[in-house]
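Asker: Structure provided below as structure tokens; questions to follow.
The values are calculated or read from the model by the stated rules, or taken from the named source; none is laboratory data. These numbers come from a predicted model, not from an experiment. Every residue, glycine among them, receives a Cβ derived from its backbone with ideal geometry; neighbour counts consider all protein chains shown.
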Amino acid sequence: MDVTHDMNGQKKWMQLPRNVVIGNGVINEVRDVCTDLKLIDNALVVTGKSTKGIAGEIVQDSLQDVGQNVELVISESASMKEVERIRKHAIESGTKYFLGVGSGKTIDVAKLAATELEVPFISVPTAASHDGIVSSRASIKDGKTTTSIQANAPMAVIADTEIIANAPYRLLAAGCGDIISNCTAVLDWQLASRLQNVPFSEYAAALASMTAQILMDSADSIKPELESSVRMVVKALVSSGVAMSIAGSSRPASGSEHMFSHALDRIADEPALHGEQCGVGTILMMYLHGGDWKRISDALKLIGAPTTAKELGIEDKYILEALVLSHTIRPERYTILGTGLTPDAAEIVARKTKVIS
Ligand SMILES: NC(=O)C1=CN([C@@H]2O[C@H](COP(=O)(O)OP(=O)(O)OC[C@H]3O[C@@H](n4cnc5c(N)ncnc54)[C@H](OP(=O)(O)O)[C@@H]3O)[C@@H](O)[C@H]2O)C=CC1
Ligand SMILES: O=C(CO)COP(=O)(O)O
Ligand SMILES: [Zn+2]
């Protein structure tokens, strides 16, 4: 079946970005892209504290240069309260479209505020840390709880490879972890389709898993400060985002390994980056699937992404607790975790895969 469903299983339109611009210096093409999309006035740039100076102000200035009214607002968290604050700001200033310029949190807040106001949204990532830069999903965090919400996909994605190559390499390596996690997400989806007859899209699943395989095959060419690496990762993130749009859910890119990451977000004192945790979660869940978990671990190592609790900066006890908690995170999403792991089973998987020692 290859129709798109929302979270309630109702049919809805498949949303894809219209323009995807990837390359060196393409931040200077933001205004041309906006003109092409007939977005000619009253923009709201949502950016982050550090990314304001890296890209937010460049976008604001270049749109002002062509006579647009552009406001800029800094977003510091991805909470619902923050979405509400920015939505109100947009209403008061007559915003006609949003640009999310920055990292994952910033893009999610801008994406959801734009969805609620039913105005276009343009994604301008300054890091390739996960596939939310292109997807029709927004992750909202309230306290320690993360909620994944269906939103409108960006109308355009403008990824400047020079800016992204200059971002801390840790963010790009995390993006690779998020892509590699498609391996177990697709296995979980196939399992749920066989056991519970959940809606399954062959096209979305094939695209998501092929994207992860290509990246793993090229793992030794992903290096810091290399624009060619950034291009490869951004294209893979776009493919993952498209797979989610085809599916109408995050199923092709989020399974048990993401549940493990969401569990860590809830319990760890200082969680690591989303993509880093998903990468380690993929090693663990591939072991549970009886698959080649070592290949996952080797690819992450080649890229320079964490493969152990120590490298994540998370205590072993939280890894074990998260493994036991993971199946409760999203009970409606059937995965290899089934009804859950016992504490002793969690310890075996974590030790065998060398995630803890
Ligand atoms: N919508 C979706 O489908 C998905 C959403 N998510 C969500 O995204 C968030 C995680 O996003 P992630 O990007 O990993 O982390 P963050 O959004 O937490 O960003 C990490 C840090 O990187 C900084 N940064 C970004 N770009 C640069 C740059 N070029 N140079 C220097 N610093 C930079 C940010 O600065 P600044 O302070 O300016 O922001 C921020 O401090 C979570 O809330 C997660 O739930 C995750 C996966 C999918
Ligand atoms: O992170 C995602 C895909 O990589 C989105 O998944 P969630 O639905 O788990 O938030
Ligand atoms: Zn993810």
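Asker: If I filter region 192-199 for residues that are more than 15 Å from ligand 2 (Cβ to nearest atom), small (G, A, S) and assigned by TED's automatic domain parsing to the domain that holds P252, do I get at least one hit? First the steps, then the outcome.
Answerer: Going through region 192-199, the residues more than 15 Å from ligand 2 (Cβ to nearest atom) turn out to be 193-197, 199.
The next check asks that each one be small (G, A, S); those that pass are 193.
Remaining after also requiring assigned by TED's automatic domain parsing to the domain that holds P252: 193.
So far as region 192-199 goes, yes, one or more of its residues are more than 15 Å from ligand 2 (Cβ to nearest atom), small (G, A, S) and assigned by TED's automatic domain parsing to the domain that holds P252.
Asker: Select from region 299-317 the residues that are buried (at least 16 other Cβ atoms within 10 Å of the Cβ) and either outside any helix (DSSP H, G or I) or more than 22 Å from the chain's Cα centre (by Cα) (or both) and list them in ascending order.
Answerer: Within region 299-317, G304, A305, P306, T307, T308, I314, D316 meet the criteria.
Asker: Continuing with this model, one more query. Limited to region 127-143, what total is found for residues that are within 16 Å of I163 (Cα to Cα) and among the β-branched types (V, I, T)?
Answerer: 1
Asker: Continuing with the same structure: May I ask you to verify whether L320 is more than 21 Å from the chain's Cα centre (by Cα), closer than 23 Å to T342 by Cα and in contact (Cβ under 8 Å) with a residue 24 or more places away in the chain?
Answerer: Working: more than 21 Å from the chain's Cα centre (by Cα): yes; closer than 23 Å to T342 by Cα: yes; in contact (Cβ under 8 Å) with a residue 24 or more places away in the chain: yes.
In short, yes.
Asker: Collect the residues in region 9-42 that are assigned by TED's automatic domain parsing to the domain that holds S93, without any contact (Cβ under 8 Å) to a residue 60 or more places away in the chain and touching a strand residue (DSSP E or B) at 6+ places or on another chain (Cβ under 8 Å), keeping them in residue-number order.
Answerer: Within region 9-42, D36, N42 meet the criteria.
This table checks each residue for (1) surrounded by 15 or more Cβ atoms within 10 Å (Cβ to Cβ); (2) more than 23 Å from G104 (Cα to Cα); (3) modelled with pLDDT under 95.
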| position | (1), (2), (3) |
| --- | --- |
| K12 | no, yes, yes |
| I22 | yes, no, no |
| V33 | yes, no, no |
| T51 | yes, no, no |
| D61 | no, no, no |
| S79 | yes, no, no |
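Asker: Evaluate region 157-170: report whether one residue or more is closer than 29 Å to G291 by Cβ, near ligand 1 (Cβ under 10 Å from one of its atoms) and modelled with pLDDT of 95 or more. Don't jump to the end; show me each part of the working.
Answerer: Step one: of region 157-170, the residues closer than 29 Å to G291 by Cβ are 169-170.
Checking which are near ligand 1 (Cβ under 10 Å from one of its atoms) leaves us with 170.
Pick out the ones that are also modelled with pLDDT of 95 or more and you get 170.
Among the residues of region 157-170, at least one is closer than 29 Å to G291 by Cβ, near ligand 1 (Cβ under 10 Å from one of its atoms) and modelled with pLDDT of 95 or more, which makes the answer yes.
Asker: Pull up region 104-125, narrow it to residues that are farther than 18 Å from N19 by Cβ and surrounded by 24 or more Cβ atoms within 10 Å (Cβ to Cβ), then point me to the one that is farthest from ligand 3 (Cβ to nearest atom).
Answerer: Our first condition is that a residue be farther than 18 Å from N19 by Cβ; within region 104-125, this holds for 104-106, 108-109, 112-113, 115-118.
Okay, now just the ones that are also surrounded by 24 or more Cβ atoms within 10 Å (Cβ to Cβ), so 104, 106, 108-109, 112-113.
Working: G104: 9, T106: 16, D108: 12, V109: 17, L112: 16, A113: 21 Å.
Among residues in region 104-125 that are farther than 18 Å from N19 by Cβ and surrounded by 24 or more Cβ atoms within 10 Å (Cβ to Cβ), the one farthest from ligand 3 (Cβ to nearest atom) is A113.
Asker: G53 passes all but one of (1) over 21 Å from the mean Cα position of the chain (by Cα); (2) away from ligand 1 (no atom under 14 Å from the Cβ); (3) more than 15 Å from M155 (Cβ to Cβ); which number fails?
Answerer: (2)
Asker: Need at least 2 residues that are within 16 Å of ligand 2 (Cβ to nearest atom) and not assigned by TED's automatic domain parsing to the domain that holds A253 per element, so show me which strands (runs of 3 or more DSSP E) inside region 43-140 make the cut, counting only ones lying wholly within it. Before the answer, list the steps.
Answerer: Working: elements: 43-47, 70-74, 97-102, 121-125.
By residue number, 121-125.
Asker: Here's a follow-up. Give region 303-357 a look and list any residue that's within 30 Å of M232 (Cβ to Cβ) and among the β-branched types (V, I, T), or say none.
Answerer: Result: I303, T307, T308, I314, I319, T335, I336, T353, V355.
Asker: If you take the residues of region 144-155 that are within 11 Å of ligand 1 (Cβ to nearest atom) and under 27 Å from A165 (Cα atoms), which of them is surrounded by the fewest Cβ atoms within 10 Å (Cβ to Cβ)?
Answerer: Here the residue is A153.
Asker: I've got another one for you. What pairs come out if I take residues in region 168-196 that are without any contact (Cβ under 8 Å) to a residue 24 or more places away in the chain and small (G, A, S) and pair them with residues that are surrounded by fewer than 24 Cβ atoms within 10 Å (Cβ to Cβ) and assigned to a helix (DSSP H, G or I) whose C-beta lies under 9 Å away, six or more apart or interchain?
Answerer: S193/A205
Asker: Taking region 269-289 on its own, how many of its residues are in a helix (DSSP H, G or I) and under 19 Å from P168 (Cα atoms)? Spell out the reasoning first.
Answerer: Going through region 269-289, the residues in a helix (DSSP H, G or I) turn out to be 274-289.
Among the residues that remain, those that are also under 19 Å from P168 (Cα atoms) are: 274-279.
Count: 6.
Asker: Right, another one. Are any residues in region 342-357 in a helix (DSSP H, G or I) and without any contact (Cβ under 8 Å) to a residue 40 or more places away in the chain, and if so, which ones? Before you say what the answer is, go through the steps one by one.
Answerer: The initial filter retains those residues of region 342-357 that are in a helix (DSSP H, G or I), namely 343-352.
Passing the criteria: P343, D344, A345, A346, E347, I348, R351.
Asker: Let me ask you something else. Sort through L215, L237 and tell me the only one that's touching a residue at least 40 places away in the same chain (Cβ under 8 Å) and either among the polar types (S, T, N, Q) or within 12 Å of ligand 2 (Cβ to nearest atom) (or both).
Answerer: Details: L215 fails: either among the polar types (S, T, N, Q) or within 12 Å of ligand 2 (Cβ to nearest atom) (or both).
The conditions single out L237.
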